[in-house]
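What follows draws every value from the coordinates through simple rules; no lab data is involved. Note that the structure is a prediction, hence the values are computed from the model and not measured. Don't worry about glycine lacking a Cβ; one is built from the backbone with ideal geometry, like all the others, and counts go over all protein chains shown.
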Amino acid sequence: MSTVQRYELAREMYKKIGVDTDAAMEILKTIPISMHCWQGDDVAGFEGDGQLSGGIQTTGNYPGKARNPEELMADIDKALSLVPGVHRINLHANYAIFEDGFVDRDQLEPKHFKKWVKFAKERGLGLDFNPTYFSHPKASNASLSSEDEEIRTFWINHGKACIRIAEYFATELNSPCNVNIWIPDGFKDIPADRMAPRRRLKDSLDQILSIDYDKKKVLVAVESKVFGIGVESYTVGSHEFYMNYAAKNDLLCLLDNGHYHPTESVADKIPSMLLFFDKVALHVTRCVRWDSDHVVLFDDETKEIAKEIIRNGHERVILALDFFDASINRISAWVVGMRNMQKALLNALLLPNEKLAKLQENRELTELMMLQEELKLYPVGDVWNYFCEMNEVPQKEDWFEEVRKYESEVLSKR
């Protein structure tokens, strides 16, 4: 049976429960996912030796890592050629490209990212951006919360530079740029003063945001974390700190589903946040017991996050992925994660969400449970394969042959 025939059968099955599969696919085509550049080179960037610090670690040494901008861009091209739809690229500041000599992070300018803008413009991609507050000598103890005013000023200036660069991205590409601020500051053991570092962080953020920038072009987000390597007992940028700071200053609060206690659900947080914020930003990852940034799977947590994105208005969610795995083919990791996020969104679009909500509203909870369980075996895969065929990318596992060929012809020769 052909892909089209299987899809036609699936379409009729979904039609009986009030779901329009054609409409679902049209919506899916409009949802961009920001693909993180740092999966391609293990978060190394282009500044120098690529040594990681600030709680950032990659494990594994799979051959073929991108070593320069040209290789990384080629790898991004290959990955996106295997993912349906038009998406975005998420950059960190340490991926600046220095053609006229190196400058430190507090001196970064738009010109250091002009090749990325050219790359994105030629492909119709948007760009998002992240200041890089780790893997730097001046971040060995703390960054925006540092007791050392010289170090803190350095990082404040880095934040200001990143906002200017983001506005350049947005202007050149005619697409708003999400700037996400995350810092690894904290303490390994129990602190004596929890307030002072947060007071300094608040002041640093106030100074960064004091510069004149177009808030319609630059969407600033702040990202919390429960703990990190070397800061197990206290993280300056906690969820409570950033959620309140974002609310007071009309910023985005970014939720990374690896940055909470294992029993917390980011899916549950999304609708609560959207009651009080116009938009919410997400980093979707997969944590294994802690924030270990594994490749996103088509698992229950990802499905639940996707359900809340769809049910509460996907246009109100800025969606990005965040993981890095050096133990497997890096392009495969990108493609698996991107396609799984799209599968989860499609799964959510193919649910009779209004009917399910009505059953809950009427307290018909027995039927609600029954229907939710039966829907798990509906043929979402047949719709997904048709969606891939319509978007001229390989369906099922066929895409992996392209990755094997690229590894043999390109990656193995690095």
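Below is a table of values for the structure above.
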| quantity | calculated |
| --- | --- |
| 15 Å cut-off, amide nitrogen to a point 7 angstrom out along ILE27 Cα→Cβ, residues in the stretch 334-364 | 342-358 |
| Inter-probe distance in nm under a simple model that places probes 7 Å from Cα toward Cβ, at VAL86 and ASP398 | 2.4 nm |
| Angle in degrees between helix 239-249 and the longest Cα principal axis of the chain, rounded to the nearest 10 | 80 degrees |
| Sequence-distant residues sharing a close amide H with VAL220 (under 5 Å, placed H) | VAL179, LEU252 |
| Under 9 Å, Cβ to Cβ, from LEU351 - net charge with Lys/Arg +1 and Asp/Glu -1 | +3 |
| Relative contact order [Cα under 8 Å, 6+ residues apart], the chain, whole percent | 20 percent |
| Karplus (6.51, -1.76, 1.60) ³J(HN,Hα), θ = phi - 60°, over the stretch 300-313, in Hz, Gly and Pro reported as x | 4, 5, 5, 4, 5, 4, 4, 4, 6, 4, 6, 5, 10, x |
| Cα centre as origin, Lys/Arg/Asp/Glu Cβ charges: the chain dipole, Debye | 380 debye |
| Charge sum, other residues only, whose C-beta stays under 11 Å from ASP185's C-beta, Lys/Arg counted +1 and Asp/Glu -1 | +3 |
| Per-residue [θ]222 nm for the chain (sum of -39500 (n - 2.57) over DSSP H runs n ≥ 4, rounded to 500) | -13500 deg cm²/dmol |
| Cα→Cβ-extended label distance, 7 Å offset, between PHE102 and ALA357, nm | 5.4 nm |
| Karplus 3J(HN,Hα) series, Hz, for the stretch 83-98 with 6.51 cos²θ - 1.76 cosθ + 1.60 (x for Gly, Pro) | 10, x, x, 10, 10, 10, 10, 9, 10, 9, 4, 6, 9, 4, 10, 9 |
| Amide H contacts under 5 Å for ARG67, placed H, 5+ residues apart | LEU72 |
| Rounded to the nearest 20 debye, dipole of the stretch 260-305 from Cβ charges on Lys, Arg, Asp, Glu | 80 debye |
| Segment GLU150-LEU371, extension gain: residue separation times 0.36 nm, minus the distance between their alpha carbons | 73.6 nm |
| Candidate lysines for bridging to LYS65, where Cα separation is under 29 Å - those fewer than 8 sequence places away on the same chain excluded | LYS78, LYS111, LYS114, LYS115, LYS118, LYS121, LYS138, LYS225, LYS343, LYS396, LYS405, LYS413 |
| Positive-end residue, the stretch 32-350 charge dipole about Cα centroid, Cβ charges, pick of ILE181, VAL317, GLY228 | VAL317 |
| ASP293 long-range amide H proximity, modeled H, under 5 Å | ARG286, VAL288 |
| Degrees separating the helix 330-349 axis from the principal Cα axis of the chain, which is the longest one | 50 degrees |
| Most fluctuating residue given options TYR168, TYR260, TYR62, as computed from a GNM of the chain linking Cα atoms under 10 Å | TYR62 |
| Spatial separation of Cα centroids for the stretch 237-312 and the stretch 140-182, in angstrom | 22 Å |
| Proximal lysines relative to LYS215, as straight alpha-carbon distance under 16 Å, when same-chain residues fewer than 8 apart are discounted | LYS160, LYS248, LYS279 |
| Net charge contributed by nearby residues that have their C-beta within less than 11 Å of GLU172 (K/R +1, D/E -1) | +3 |
| For the stretch 213-225, Karplus couplings with θ = phi - 60° (6.51, -1.76, 1.60), whole Hz, Gly/Pro x | 8, 7, 6, 7, 8, 10, 9, 7, 10, 10, 10, 8, 7 |
| Nearest 10 degrees, 0 to 90: helix 365-374 Cα axis against the chain principal axis | 90 degrees |
| Listed residues LYS307, LYS115, LYS248, most fluctuating in the chain (Gaussian network, C-alpha, under 10 Å) | LYS248 |
| Beta bridges per DSSP with both ends in the chain, % antiparallel, nearest 5 | 15 percent |
| Projected label distance in nm at GLU12 and THR263, using a 7 Å step from Cα toward the beta-carbon | 4.8 nm |
